[in-house]
Structures are given as structure tokens and as C-alpha cells.
Amino acid sequence: MKLGAFSLSLSVKDLQASKKFYEHLGFTAFGGGEEMNYLIMKNEQTLIGLFHEMFEKNILTFNPGWDQNAQTLSEFDDVRAIQAELKSKGIPLAQETDPSGSGPGSILVFDPDGNGILIDQHI
């Protein structure tokens, strides 16, 4: 199963303070925007999303179809194929995408400790 680009999505209380902190660690703004209440920060191949008031807890995020530079991959496992495989393995999904759709879609699962895993396809 190819899950695509990985990032840690952090729920932050103060977007500016978090941006400044991660800049001190060598991260630079890569995507999003403060006006949209989120920033994607990058340091080499490491991606961290800073999200203000968008969700309650931190989430592991995978983006099928993208590499770590948000460039489209020529081959990837579509989120609907990933969803079908997880369901076939008996993994419950907290959020599903339309299995007959195409293009963007997302699913959400929780690991045994309650950590959220978002599989969010943008293409």
C-alpha cells in the first residue's frame, strides 16, 4: 500500500508562535497560509502542518499521489483502493470517501491508541 507524502499535522493554539518556533528549528513555510489558519512547514524532506482551530488533536497525515514536495506522482494507490484494502482487513474507518468517486477524497482511521491517521488525496 502506497500512502504518499507523510506529514505530522499539529493542532496549534497560536499559529504565529508555532511558526516562529519551527522556523528556529530550520523549517520554512511551504504551503497553506496564515489567512487560511494553517501553514505547511518544511525542513529538507520533513513536513509539519500547523493547524489553528481546525481539529482537536495531532494527526498523522498521508497524501496519496504526492511526493514530499507536493509534486504529483505518476503512479500511486488511490485513496479508494486504500480504503477498500483497509476495510478488507477489518480496520474500521471513522470517515470514508465515496468508493465510486474519483479525484480528491479522504479517509480517517484511528490506531489502537486513538491516534488519528488521515489519508487525504488532493488529486
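The values are calculated or read from the model by the stated rules, or taken from the named source; none is laboratory data. This one's a predicted model, so the numbers in the text were calculated from it and none came from an experiment. Here the Cβ is made from the backbone with ideal geometry for all residues, glycine too, and neighbour counts use every protein chain on show. Just the protein is used for accessible areas: all its heavy atoms, side chains included, with ligands, DNA and RNA removed. Shrake-Rupley method; radii C 1.70, N 1.55, O 1.52, S 1.80 Å.
Per residue, the chain exposes 59 Å² of solvent-accessible protein surface, assessed with a 1.4 angstrom probe and all protein chains in place. Residue order by solvent-accessible surface for T46, T61 is T46, T61, largest first, with ligands and nucleic acids left out and a 1.4 Å probe. Measuring nothing but protein heavy atoms, the accessible surface of the range 1-43 at 1.4 Å probe radius is 56 percent carbon and sulfur.
Springs between Cα atoms under 10 Å define the GNM used for the chain, and in it the highest mean-square fluctuation of S106, S11, S74 occurs at S74. A full extension of the chain between I123 and N58 corresponds to an added length of 21.1 nm, given 0.36 nm per residue minus the alpha carbon distance. Note on the chain: Lys pairs 8 or more places apart or on different chains, Cα atoms under 22 Å apart, count 10. Along the axis of the charge dipole computed for the range 8-123 (Cβ charges of +1 for Lys and Arg, -1 for Asp and Glu, origin at the Cα centre), the listed residues S102, F62, S88 are led at the positive end by F62.
Legend: Rg and Dmax of the range 53-111, from Cα coordinates, 12.5, 34 Å. Plugging the Kirkwood radius over Cα pairs into Stokes-Einstein for the chain, at a temperature of 25 °C and a viscosity of 0.890 mPa s, what D comes out in µm²/s? This corresponds to a translational diffusion coefficient of 162 µm²/s.
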